[in-house]
1. Counting only heavy atoms of the protein chains, get the accessible area per residue of segment 159-260 (1.4 Å probe) and round it to a whole Å² value.
2. Excluding ligands and nucleic acids, what accessible area in Å² is computed for W115 using a 1.4 Å probe, to the nearest 10?
3. I need the shape label for segment 1-64. Rule: rounded when a/c is under 1.5, else prolate if a/b > b/c, else oblate, with a, b, c from the alpha carbon gyration tensor.
4. Give the dimensionless ratio obtained when the Cα radius of gyration of segment 1-138 is divided by 2.2 N^0.38 Å.
5. Counting only protein heavy atoms and a 1.4 Å probe, tell me what percentage of the chain's accessible area is made up of carbon and sulfur.
6. Restricting to bridges with both residues inside segment 138-285, how much of the DSSP beta-bridge set is antiparallel, in percent to the nearest 5?
7. Where both residues lie in segment 1-131, what percent of DSSP beta bridges are antiparallel, nearest 5?
8. How much of the DSSP beta bridge set in the chain is antiparallel, as a percent to the nearest 5?
Amino acid sequence: MKILVTGYKGQLGFDVVNEAEKRGIEAVGVDIDEMDITDPKQVREVITADKYDAVVHCAAWTAVDKAEEPELFEKVREVNALGPKYISEVCQELDIPIMYFSTDYVFNGEGEAPWNEYDEFEPLNVYGVTKGEGEKYVVENPKHFIIRIAWVFGKNGNNFIKTMLRLGKERGAVSVVNDQIGQPTYTYDLARLVVDMIQTEEYGTYHATNSGEYISWYDFAKEIFRQAGMDVEVTPVDSSQFPAKAKRPHNSRMNQTELDKHGFDRLPTWQDALARYLKNLKINN
């Protein structure tokens, strides 16, 4: 099997390529220098240049607050909606699957009930709007996988864990919101599911975060410092005390029954994922 992985320099794309290669699957990683996903001609040239069995599309605009700047809306839409459209269209012509990663931000973020895989879209910010639009393009290819994730962390790039470790070391105290609830997603664990899934024909829409109880960012921060052995004072605060350009969901809980229905294992608990991630950071620092 041979797969093309976009967004190779990002947290998820990097881990998908590594996981595929560990299993003897040829994975070609590309980023914007090799394939600008907003250029339909280049998308077609790269995907048709070799005989790929699938495209795992990890590239995305993820700067949520910056996406709210009016002058950037069309650019964000090009990356998060039109890019997936171009890729999906070529994949459909070649009769190969596309895997697209989306977000709980396609929902309104209210209430306490976990979001189901086929709940109606009601995005609360530009990022959610454009990712939802991308989903609508991708489902036009019958051979599609859509995986919604949240609170992502991995080896490459910045994430909440790295920020907490830095602030905890610098200040010895942090304030973290306690009214946004969900579950983290470790890209290493997600990559294993991705490689499992892409080798099947179990097409559809899935939710995949690390398992375990639902938590707030405040709960997550406390566990980060506990596992890291750091004495840091963590104060819970309301999200209104951290105003941002983009509205954040209070409810990021996601139902994962589609994984069960299609015979896929859920990801390990987020506590276990955090322990392994912290160990990995120490090894690589």
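The values are calculated or read from the model by the stated rules, or taken from the named source; none is laboratory data. Here the structure is a predicted model, which means the values were calculated and not measured. FYI the Cβ positions are ideal-geometry reconstructions off the backbone, even for glycines, and counts take in every protein chain you see. Just the protein is used for accessible areas: all its heavy atoms, side chains included, with ligands, DNA and RNA removed. Shrake-Rupley method; radii C 1.70, N 1.55, O 1.52, S 1.80 Å.
1. Numbers: 4440 Å² over 102 residues.
Accessible surface, normalised per residue, equals 44 Å².
2. 40
3. Details: a/c = 2.54, a/b = 1.13, b/c = 2.24.
Judged from the Cα gyration tensor, segment 1-64 comes out oblate (a/c at least 1.5, b/c at or above a/b).
4. Relative to the rule-of-thumb radius for its length, segment 1-138 sits at 1.08.
5. Working: 6090 of 12910 Å².
Its accessible area is 47 percent carbon and sulfur atoms.
6. On the way: 2 of 16 bridges.
Here the antiparallel bridges make up roughly 10 percent for segment 138-285.
7. Values: 0 of 12 bridges.
Among the beta bridges of segment 1-131, antiparallel pairing accounts for roughly 0 percent.
8. On the way: 2 of 35 bridges.
For the chain, the DSSP antiparallel bridge percentage is about 5.
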